[in-house]
1. Please state the charge dipole magnitude for the chain, taken about the Cα centre, from unit charges on C-beta atoms (+1 on K and R, -1 on D and E), reported in debye and rounded to the nearest 20.
2. Taking a 21 Å limit on the Cα-Cα distance, which of the listed pairs Lys74/Lys299; Lys20/Lys56; Lys52/Lys127; Lys35/Lys299; Lys127/Lys147 fall beyond it?
3. Express the relative contact order of the chain as a whole percentage, based on alpha carbon pairs under 8 Å and six or more residues apart in sequence.
4. Can you give the FRET efficiency to the nearest 0.05 for Phe196 and Ala29, using r as the Cβ-Cβ distance and R₀ = 56 Å?
5. Relative contact order for segment 66-159 using alpha-carbon pairs under 8 Å, separation at least 6, rounded to a whole percent?
6. Whole-Hz Karplus ³J(HN,Hα) for segment 247-254, in order, using 6.51 cos²θ - 1.76 cosθ + 1.60 and θ = phi - 60°, x for Gly and Pro?
7. Hey, what does the equivalent ellipsoid look like for segment 11-112, semi-axes from the Cα gyration tensor as sqrt of 5 times each eigenvalue, largest first, whole Å?
8. Report, in whole Å, the centroid distance computed from the Cα atoms of segment 160-204 and segment 279-328.
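Here, each number is a calculation from the coordinates, and none is a lab measurement. Just so you know, these numbers come straight off a predicted model, no measurement behind them. In this analysis, Cβ positions are derived from the backbone assuming ideal geometry, glycine residues included, and neighbour counts consider all displayed protein chains.
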Amino acid sequence: MYSFSKIPLPDEAARAIVTKHFGSQRSLASFQELKEGYYNAAALLELDDGLKCVLKAAPPDSVQTLRYEKDIIKTEVNVMQMVRAQTEVPCPQIYCYDTSRSLLASDFFVMEYLPGTPFHKLRREFKPEAQARIERGMGRLARQINKITGPAFGYFARPEQHGTSWRDCFGNMLRDLLLDGWEAGVSLPLPYDELFKRLEAHFDSLDEVETPCLVHWDLWEGNIFVDPRTRKITGVIDYERAMWGDPLIEFIFMNLDPSSTYMQGYRTNLLATPVQRRRRQLYNAYLYLIMVIECTYRKYETPDQENWARPRLAETLKSLAEAGVKND
């Protein structure tokens, strides 16, 4: 996937990284760029002794990103180490994290290679029973991640914006995102001020959230690795957008289905009440806004993502407006 945010990863740089972080007695045997990510550049490295690992590099400072994306590569390193230490979630080991800019133009890390194939690539090959088992497994893993709690709410990468109120924190997250869109001249379904007010009318639904839980937040099927033979989950990746927040904001709950196999695996119905379902719609609106606004920053080659997100944003705004009328 082409994205303006990705830097080139020449194999010469990869060789220098191997020498610096794995020792001169080991060398790079093969190098393969991984093109599917939407933000960071990545490559699969294989060393001469058979060790496979993944190199992941942040965008350089010259690339303009969304406000919430500041320092998210550091977040990914820290959160993976935390999840690996405190849960049974299959999470890559971090081999090195380099912020020197001496070998690449941006910060990078090298992590353990996890075997398996992204679930979204395998889904059609599996029978419904196997799909449901994996979805329940994703729910169980999300619950383990969410059991890790923190002292305050907010994006892991933005400690300067952390606070004790989820309502205030989410409001600041939304303001930052809309400011990103306004500065880039992105057209939205409503004027920016009106859009914020429409969503702010539902911030009362956030008051139920009292505990800052660790949230992966990018827990979609492309970040879940599955063994094609055993149908078991072998890895969970891409923690860079992690936050301390409401478990209900996890991507796997976006369809608002309280009986989904994801929710069965989670073993707690997070969508049992009208307030919870309204809160999830608020999170959906925020996600769709990100998906629309980031397209201008990333300069994607096709409008596919924006074309997918815009009608869903409009439908979510409509549903929230109707929910407000019913609650009145």
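1. Charge dipole, the chain, about its Cα centre: 860 debye, nearest 20.
2. Pairs exceeding 21 Å: Lys74/Lys299; Lys52/Lys127; Lys127/Lys147.
3. So the answer I get is 19 percent.
4. Given R0 = 56 Å and the Cβ-Cβ separation, E is 0.60.
5. Answer for segment 66-159 is 34 percent.
6. The phi angles translate into x, 5, 7, 3, 4, 5, 9, 5 Hz.
7. So the three semi-axes of segment 11-112 are 22, 18, 12 Å.
8. A separation of 13 Å, based on Cα centres.
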